[in-house]
Amino acid sequence: MAKTTHTDWSPRFPLRLPKTNWYSLFLLFFGLSLSAQPFPVDTIQWTGPADQRIDMVFLSDGYQQEELEQFRNDVDKVATHFFKQTPFREYRNYFNLLAIRVPSKQSGAKKDPADELDTYFGSSYNFAGIERLLVPGNLIAALDILVEQVPLFDQAVLIVNDSKYGGSGGWLATTSVHPSAPEIALHEIGHSFAGLADEYWAGEEFAAESPNMSKETDPDLVRWHNWLGDEGIGIYPHQENQMWVRPHQNCKMRVLNPDFCAVCRETLVKRIHALSYPVIWFDPDNKEPVMVSDTQTYRVNFLEPIPNTLKVNWFVDQHTSPAYNSLLVERSPNQDTMSIQMFVVDSTNYIRDLVHLQNHTFEIAWLQTSEELTKAQSWNKHIHANVSPNPVDEVVYISIESSNSLSGKLECDLSDIEGNLLLQFDLKSERTALPVSHLVPGSYWIRIKDEFGHVTFRFIKM
Ligand SMILES: [Zn+2]
Ligand SMILES: [Zn+2]
């Protein structure tokens, strides 16, 4: 049986950040001489090829060579806790987890950015004068290692070998090894992976429209209106500034230990959907025509959440045919062509946004003629677009390959990793150049929107 490799059909599902080899782009566009030598990589969990899974990578800072065994233990603690937490628990098969052992000359972290301590990424507490804000000083060094060793990474987490309480979001989620580290890591991954805001009042400078933070207090218009009244979701003003509201009083984005609230959970699952496909392969594939005999079996191999919330529907000539991952079709002697379709959608209760579900319904269609299978296609309603290069220095190019927009209108917006909107414009041509040299280095989102929904891309400004 010919199995379809993902590369055969990924051009039709460009939902995720295009998995370009960052390392070669790096050399090509910046001509940097990379000093990073390869460090040992541990596999914590491997569920499938890197381009078909969400690849999460742990990095170490402030561990001396002989302390790297301890780093591995610290990673295991965070990873075990990560998969105990909804919704990562349900989607654990969607993740690959790796750990890169990066040794430092000295142990721990600086207590203040002005202190002297020689660690690989220069992590320091008291960033911006906030004692528990623990931030790596050298993000470029982290990117250097990631693009060289795990170019397809989706999320990176830095573990800093210091027992003082601390952490930070940003594209590189960071935590210390305080006993609460596994919880801190989850909270920071909430920021970093899904663009969630803090639900405690972090200060004026952090207040921004986000999936779980808003100035909209109208119950019909608030972003989380689908959840109002359920699971403790409401419209709760921040005491410190009543202009801003949060969806829950006791979410992990406010305090450590409780679960993510329903609104944050939905945002995380949407992000998981955006970075993965529920189909691993289908057969017959779309590589070459297949001779059809009197009976033909159609197969789809699914990537299943636990419990399995995938909803699958098969149709033969528009008629429902009960099946899950395989369907036997008998050729009708007096019919020249037959059409076989399979639709799959993740019907999880964690998503109430119907537009999102519509956008994440995948279809595979086969057309069988009297002699052969002439066509096998797969698609969904997404806009097919590409954002490159990545990382970028001066200009990022947005290319539209195709879109199902009825009006032909595509809107685009640029926001920073915290969700602050920086720029909004209409895409008027197939290829748009967006100058970014004025942006501060860091991670950014580009969102392309039509009447059916949107696709997002992350890029890193060097
Ligand atoms: Zn936070
Ligand atoms: Zn929340």
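Where a number appears in this text, it was derived from the coordinates with a stated rule and is not lab data. Not measured: the values here are computed from a predicted model. Positions of Cβ are generated from backbone atoms using ideal geometry, with glycine treated the same way; all protein chains shown enter the neighbour counts.
Residue-normalised convex hull volume from the C-alpha trace of the chain: 160 Å³ per residue. Dipole of the chain computed with +1 at Lys/Arg Cβ and -1 at Asp/Glu Cβ about the Cα centre; of Gly190, Leu354, Gln368, farthest Cα towards the positive end is Gln368.
Where both partners of a DSSP beta bridge lie in region 104-229, what percent of those bridges are antiparallel, to the nearest 5? If I count the DSSP bridges inside region 104-229, around 45 percent turn out antiparallel. Magnitude of the charge dipole for the chain, about its Cα centre and with charges confined to Cβ atoms of Lys, Arg (+1) and Asp, Glu (-1), is about 320 debye. Region 279-379 gives an Rg/Rh value of 1.01, both radii derived from C-alpha positions and Rh following Kirkwood. Rounded to the nearest 500, the helix-only mean residue ellipticity at 222 nm of the chain stands at -4500 deg cm²/dmol, with each DSSP H run of n ≥ 4 adding -39,500 (n - 2.57). Of the GluC sites (Glu not before Pro) in region 108-149, the ones in a loop by DSSP (not H, G, I, E or B) with at most 11 other beta carbons within 10 Å are Glu116.
Taking 0.36 nm per residue of separation and subtracting the current Cα-Cα distance, fully stretching the chain between Trp201 and Glu66 would add 44.6 nm.
Report the Stokes-Einstein translational diffusion coefficient (µm² s⁻¹, integer) for region 198-261, Rh taken as the Kirkwood radius over Cα pairs, at 20 °C with viscosity 1.002 mPa s.
182
Across region 209-361, Cα-Cα pairs more than 25 Å apart make up 48 percent of the total. Here the contact order of region 255-329, divided by its residue count and restricted to Cα pairs under 8 Å and six or more residues apart, works out to 27 percent. Using Cβ point charges alone (K and R +1, D and E -1), the dipole size of region 286-360 about the Cα centre works out to roughly 180 debye.
In region 35-104, taking the dipole from charged Cβ atoms about the Cα centre, the farthest positive-side position among Pro38, Ser104, Tyr94 is held by Tyr94. Residue-normalised convex hull volume from the C-alpha trace of region 384-461: 79 Å³ per residue.
Across region 17-194, counting alpha-carbon atoms alone, Rg and Dmax equal 15.5, 43 Å. Once C-alpha pairs closer than 8 Å and six or more residues apart are averaged by separation and normalised to the residue number of the chain, the relative contact order reads 14 percent. Net charge in the neighbourhood of Arg254 (other residues with Cβ under 10 Å of its Cβ; Lys, Arg +1, Asp, Glu -1) is 0.
Bridges between two residues of the chain, per DSSP, are antiparallel at a rate of about 80%. Applying a 4.7 Å Cβ-Cβ cutoff to the chain leaves Cys264, Cys412 as cysteine residues with no disulfide-compatible partner.
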